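K.L.:
This is the structure I have questions about; it appears just below.
The values are calculated or read from the model by the stated rules, or taken from the named source; none is laboratory data. Computed from a predicted model, the values in this text were never measured in an experiment. Here the Cβ positions follow ideal geometry from the backbone for every residue, glycine too, while neighbour counts run over all protein chains shown.
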C-alpha cells in the first residue's frame with residue numbers, strides 16, 4: 001500500500017496488545033472491528049509485532065491486522081513501536097478516515113497527536129476506572145500525566161461508566177468530547193445450555209460444582225482474594241475453582257496453591273479463545289476485581305445465564321443489582337464472598353433465578369449489535385463536514 005493508492009477510507013484501530021493475546025480489551029476490539037466490517041465498513045488494526053515469528057500482516061477472523069516492530073526490550077521496544085506507528089499513520093494518511101485508539105498509554109497518545117497533525121478525527125476508548133483504571137493509574141507518574149495531557153486532544157473519548165466521567169472531569173477534560181458507549185456481547189454466541197453435565201465432562205469435570213473466573217492475573221483483579229475465600233469454603237458437596245488467565249501474579253498464585261494444598265481443587269489455565277465450554281460447564285462466575293470498566297467477562301457469563309458474584313465497584317454495579325440478577329460483595333472481604341458462594345452453592349433455585357434475570361438484562365441492554373450501532377453513529381458524526 002502507498003499513500004497514493006485510492007482505496008475506500010479506512011478506520012484504523014490502534015491497540016498495543018492484540019491477538020494472540022486474549023483479554024477483555026483485545027476481545028472487545030476484535031469483536032467490534034469484525035461486526036463493523038460485516039456492516040460494510042473498512043477497518044484495520046495496528047498493533048505490535050513482539051516476536052519475529054509473528055506475521056507482519058494477518059487476518060484475525062475477518063479483520064486485517066498489521067503488526068509493527070516492537071522488540072521485547074523495555075523502553076527500546078516502545079520507542080521502536082512509536083516510530084513505526086507514526087510513520088505508518090503518515091504514509092497511509094490519504095486513506096485514513098478516523099484513528100481509533102484503545103486505553104490510555106504512549107501508543108494512544110502518539111496516535112492522537114498524529115491525528116491532530118494529519119487533521120484526522122481521533123477516538124480514545126477508556127478501558128477501566130477506579131484506582132487501577134486509565135486515569136487514576138496514569139495520574140500517579142510523570143509519564144502517565146504526559147500521556148493524559150496528549151490524550152486530551154482526542155476528538156471523542158468513549159467511557160463505559162459514570163466513574164470514568166468523574167475522573168475525566170477531575171483532570172479538566174472537556175464535556176463535549178465525552179461519549180458513553182457500554183460494551184456489548186454477541187447474544188447469538190453466548191447463551192444458556194440445557195446440558196450442563198455434558199459440558200462439565202468436556203472440561204474434565206465429573207459431578208463437582210464449578211466456580212469460574214476469567215481475566216488477567218493481576219493484583220487489581222483480586223484473584224488471590226477469590227482463592228482465599230474458596231479455600232475457606234466448608235460445604236458437603238465437592239467443588240472446583242477454575243481460573244483462566246495470564247498475568248504477573250501467575251507464579252505467586254501457583255505458589256499459594258502449592259503451599260495450601262489446593263492443587264487438586266483449584267486449576268489455573270492460560271486464556272483460551274473459546275471460553276464457551278467453561279461457561280457452559282460452570283455453576284457460578286466470580287469477578288473479584290478491585291476496579292473495573294464494564295467487564296466483558298461478566299457480560300459473557302450473564303449472557304450464558306450464569307449467576308454472577310462480583311465486587312461492589314463501579315462498572316460491576318452498573319451490571320448487577322444485588323440479589324436481583326447477581327450478588328455483590330465488598331472488595332477483599334473474604335467472609336462476604338464465602339457467604340455469597342455458600343448461598344449459591346446450597347440454593348440452586350436461587351442461583352438459577354439470578355442467572356435467568358442476568359440473561360434477560362443483558363439481552364435488553366448490552367447486545368453487541370447495539371454497541372456496534374452506537375460506534376457507527378459516532379464515526380458518522382465525526383465524518384460529517
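K.L.:
Those residues that are part of a loop (DSSP other than H, G, I, E, B), surrounded by fewer than 15 Cβ atoms within 10 Å (Cβ to Cβ) and touching a strand residue (DSSP E or B) at 6+ places or on another chain (Cβ under 7 Å), I need them from the range 164-186; list them, please.
P.N.:
Within the range 164-186, none qualify.
K.L.:
Residue 274: surrounded by fewer than 24 Cβ atoms within 10 Å (Cβ to Cβ) and in a loop (DSSP other than H, G, I, E, B), yes or no? Let's see the steps before the verdict.
P.N.:
Values: surrounded by fewer than 24 Cβ atoms within 10 Å (Cβ to Cβ): yes; in a loop (DSSP other than H, G, I, E, B): yes.
So residue 274 passes the test.
K.L.:
Say we look at the range 187-231 and pick out the residues that are under 19 Å from the mean Cα position of the chain (by Cα) and in a strand (DSSP E or B); which of these is surrounded by the fewest Cβ atoms within 10 Å (Cβ to Cβ)?
P.N.:
212
K.L.:
Please give the number of the condition residue 322 fails out of (1) without any contact (Cβ under 8 Å) to a residue 12 or more places away in the chain; (2) in contact with a strand residue (DSSP E or B) (Cβ under 9 Å, 6 or more places away or on another chain); (3) not assigned by TED's automatic domain parsing to the domain that holds residue 253.
P.N.:
Of the numbered conditions (1) without any contact (Cβ under 8 Å) to a residue 12 or more places away in the chain; (2) in contact with a strand residue (DSSP E or B) (Cβ under 9 Å, 6 or more places away or on another chain); (3) not assigned by TED's automatic domain parsing to the domain that holds residue 253, the odd one out for residue 322 is (3).
K.L.:
Ok, one more. Restricting the search to the range 331-385, which residues are free of Cβ contacts under 8 Å to residues at least 60 places away in the same chain, closer than 30 Å to residue 37 by Cα and part of a helix (DSSP H, G or I)?
P.N.:
358, 360, 361, 364, 373, 377, 380, 381
K.L.:
Step by step: first the residues of the range 27-43, then only those that are in contact with a strand residue (DSSP E or B) (Cβ under 9 Å, 6 or more places away or on another chain) and surrounded by fewer than 19 Cβ atoms within 10 Å (Cβ to Cβ), then the one that is nearest to residue 245 (Cα to Cα). Which residue is that? Give the derivation first.
P.N.:
First pass over the range 27-43, keeping only residues in contact with a strand residue (DSSP E or B) (Cβ under 9 Å, 6 or more places away or on another chain): 28-34, 36-37, 41-43.
Pick out the ones that are also surrounded by fewer than 19 Cβ atoms within 10 Å (Cβ to Cβ) and you get 34, 37, 41-42.
On the way: 34: 23, 37: 28, 41: 32, 42: 31 Å.
The residue in question is 34.
K.L.:
In addition: For residues that are loosely packed, with under 15 Cβ neighbours inside 10 Å and either outside the structural domain of residue 302 (by TED's automatic domain parsing) or touching a helix residue (DSSP H, G or I) at 6+ places or on another chain (Cβ under 9 Å) (or both), scanning just the range 327-356, find the one that is nearest to residue 316 (Cα to Cα).
P.N.:
330
K.L.:
Tell me which helices (runs of 4 or more DSSP H) are completely within the range 68-159 and hold 3 or more residues being touching a residue at least 12 places away in the same chain (Cβ under 8 Å) and farther than 19 Å from residue 18 by Cβ, or say none if there are none. Write out each step before concluding.
P.N.:
Working: elements: 76-91, 106-117, 134-139, 142-151.
In the range 68-159, the matching helices (runs of 4 or more DSSP H) lie at 106-117, 134-139, 142-151.
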